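This report concerns only the one structure given below.
The values are calculated or read from the model by the stated rules, or taken from the named source; none is laboratory data. This structure is a prediction, so every number in the text was calculated from the model and none was measured. Cβ sites come from the backbone with ideal geometry, for glycine too, and all protein chains shown count toward neighbours. Areas reflect the complete protein model, heavy atoms only, side chains present, ligands, DNA and RNA absent. Shrake-Rupley method; radii C 1.70, N 1.55, O 1.52, S 1.80 Å.
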Amino acid sequence: MEQTATPNAVASTSLDRTHPTYTYKVVLLGNTSVGKSSLAYRYVKNDFKESLPTVGCSFFTQTLCLEATTIRLEIWDTAGQEKYHSVCHLYYRGAHAALLVYDITSKVSADRAKLWLQELEKEFFHDEIVIALVGNKADLAAEREVTTEEGEEFAQSKSLLYMETSAKSNYQVNELFTAVGRSVVVDECWAAPAQGGAAAGPSRGPAPQRPALAAGRTAPRA
Amino acid sequence: MSLKSERRGIHVDQSELLCKKGCGYYGNPAWQGFCSKCWREEYHKARQKQIQEDWELAERLQREEEEAYASSQSTQGAQSLTFSKFEEKKTNEKTRKVTTVKKFFTASSRAGAKKELQETKTPSPSINRQASIETDRVSKEFIEFLKTYQKPGQDIYKQCKLFLDTMNHKRDLSIEEQSECAQDFYQNVAEKLQTRWKVPPEKVEKAMDQIERYIMTRQYKYVFCPETTDDEKKDLAVQKRIRALHWVTPQMLCVPVNEEIPEVSDMVVKAITDIIEMDSKRVPREKLACITKCSKHIFNAIKITKNEPASADDFLPTLIYIVLKGNPPRLQSNIQYITRFCNPSRLMTGEDGYYFTNLCCAVAFIEKLDAQSLNLSQEDFDRYMSGQTSPKKQESESWSPDTCLGVKQMYKNLDLLSQLNERQERIVSEAKKLEKDLIDWTDGITKEVQDIVEKYPLEIKPKSQALAAIDSENVENDKLPPPLQPQVYAG
């Protein structure tokens, strides 16, 4: 039905020119070694075999073709070590979506994800940002510490997107980012129906840039 | 004077002491062999020439700007109101320039009293000149660039001029308000480019970059680290903080970079150079480019060390380490300036924005850094912070290869010295022990001897009577017949 982006980077830039593509910022939050980077890496790698990031592996852009529109996801990886927790709020300023990644084999990482959620709730109103709870390393089901039901229940209580993935075996990685992308577009339309019209389509105004603009004015102080 | 030189034993010909111009006065090496009067004349001749050249350049630039503007007028038609305003400003600028030049001449023609005053001022015009040359170059390139945009180009130029004009009137406002103005301006122009002038999207971005470059080169000196803010104080605080943290090692920060690999240390040096270079740029976007360049080098360094692409978990600690090692000048001012005056769409999204955010995180982390975040005990952290000890001494093997050889040697020597010291102390203590042993030994012997002496005291007994009695009993021995004498018989 939908296919994720074009086979290589060159094509994607030419696509940018012909279609008005909106850029959405997605931040990856979660403990170290839950596989944030691998998740993004897997998502981008699968579609862009040739244009792998030659150096960095913490900032990615990926074009995503949805039914009605083409958008660009900008994926920001963040440092998950606990000692950087106090400065990480700088990362998600102006973000459109946040992925709270945890490791299904580690209860601790799931608790950390809940902590991240609290931080996000301080910074954003509920309809300002799309939040997805992601249980990674689904391939290690034998060592599971957090059940699917637990995750699902928590996500539902906070009305988050929920998905279990495996970056290693490429399970539901594309599905995750597509769902997030779609959710961002829908949210944007709900949030600004007066400006862009209710229907998701390329005719929308440059609404996605607004939160970024507003946030840009505040100095990034810790 | 000849007497003086004779006394010193140096022969100087009378003619060498005279002014090079041959006016008959004595010259002075400080004035390159001229007398004070001739030197002033020579010096100002050179100065005037320079001023003349600058003036010509300025005129030429102005002509070009006017030409560009005139062509816009011919296509535009009635815009007389803004144009006259524009002209007025031009003439203002011109007269201002002329008066400054005049001031120069009057000052130079006066002798004596004002000389010192003027000489102390000499460095400043040259700096101003450099800055203004750069500004002129940027303006020229901007005009050239706008020509490729035809009609919208002229409109853009007009908008920028208007903006700079309003900014000039807003110098008294707080920096936040000025920043607000700039941000509004960026947004307005971008919108106009898209909707009114129908510029294709990829050209909008390019135009925005050029506009930012043009206006920020001109605004820089007013809005970078302005006196109304405490940016400078913050700069100094961060600098001091980083200096106090000089002892932090890559191991403490868990930096996944091995500087013993030559390529890696090369990358580290490059990254440090880039982050330091940021301060020298005037345009926010160019500053951002420096950060991005620095980050790329960091990623390379990690990649070479770990043999796999780095993630954010590796990148941030390394960036923190680079900032600590480089101690880039005016860090807070630069961050504040970029935040206030960069085109906001660049800051919150895009690669540049990502790396800038990382830098902000790094600085925030450095400000908050404590014992726990370095996996140290509070006592160790306090000791290192107060400069009492340095952890480097124990870990001298972990020196990076780019450290100055002399410093390395020095630390090696220090190590050796401390080892020598230790040995010497050991020898001294052993010698003392030996001495003590010797003393103990003699004491012991003495004691033993005494004990023995005590145990067996030397008693001189009175002459035994018995013996004497024996002798005395033999009194009659004298009465004994004498012993037989051997006799020789003739036979």
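Counted by Cβ distance under 11 Å from residue B:343, the other residues give a net charge of -1, where Lys and Arg count +1 and Asp and Glu count -1. Return the FRET efficiency for the residue pair residue B:26, residue A:118: r is the Cβ-Cβ distance, R0 is 60 Å, and the value is rounded to the nearest 0.05. The value I calculate is 0.10. Mean partner shielding of peptide B:361-371, defined as the number of other chain Cβ atoms within 10 Å of each residue Cβ, is 4. May I ask you to derive the FRET efficiency for residue B:372 and residue B:431 from their Cβ-Cβ distance with R0 = 51 Å, giving the value to the nearest 0.05? In this case the efficiency is close to 0.60. For the residues of B:340-352, the average number of beta carbons from a partner chain within 10 Å of their own beta carbon is 5. Estimated at the nearest 10 Å², the accessible area of residue B:290 is 10 Å² with a 1.4 Å probe.
Taking label points 7 Å from Cα along the Cα-to-Cβ direction, residue B:194 and residue B:454 give a separation of 11.1 nm. In the structure shown, the pairs A:122/A:168; A:83/A:114; A:168/B:368; B:170/B:221; A:158/B:368 are assessed against 25 Å; a Cα-Cα span above that value is assigned to A:122/A:168; A:168/B:368; A:158/B:368.
Taking Cβ atoms as reference points and 12 Å as the exclusive limit, the residues near residue B:323 contribute a net charge of 0, counting Lys and Arg as +1 and Asp and Glu as -1.
Taken across both chains, chains B and A shield about 3400 Å² of accessible surface from a 1.4 Å probe. Provide the net charge surrounding residue B:215, with neighbours chosen by a C-beta distance below 12 Å and charges set as Lys +1, Arg +1, Asp -1, Glu -1. The answer is +2.
Shape verdict for segment A:53-187, please, from the Cα gyration tensor: rounded (a/c under 1.5), prolate (a/b greater than b/c) or oblate. Judged from the Cα gyration tensor, segment A:53-187 comes out rounded (a/c under 1.5). Residue-wise HN-Hα couplings along segment A:25-39, as the Karplus relation 6.51 cos²θ - 1.76 cosθ + 1.60 with θ = phi - 60° gives them from phi, are 9, 10, 9, 9, 10, x, 4, 5, 6, 8, x, 4, 5, 4, 4 Hz; Gly and Pro carry x. Altogether, the Stokes-Einstein calculation at 25 °C and 0.890 mPa s, with the Kirkwood radius of segment B:118-277 over Cα pairs as Rh, returns a diffusion coefficient of 125 µm²/s. Counting only other chain Cβ atoms within 10 Å of each residue's Cβ, the peptide B:33-43 averages 0. Its relative contact order, with pairs defined as Cα atoms under 8 Å and 6+ residues apart, puts segment A:16-197 at 24 percent.
A simple spin-label model places the labels of residue B:249 and residue B:232 3.9 nm from each other, with each point 7 Å out along Cα-to-Cβ.
Just to be sure I understand: of the beta bridges DSSP finds with both ends in segment A:16-197, what percent are antiparallel, rounded to 5? Show your work: numbers first, answer last.
On the way: 8 of 31 bridges.
Percentage antiparallel, nearest 5: 25.
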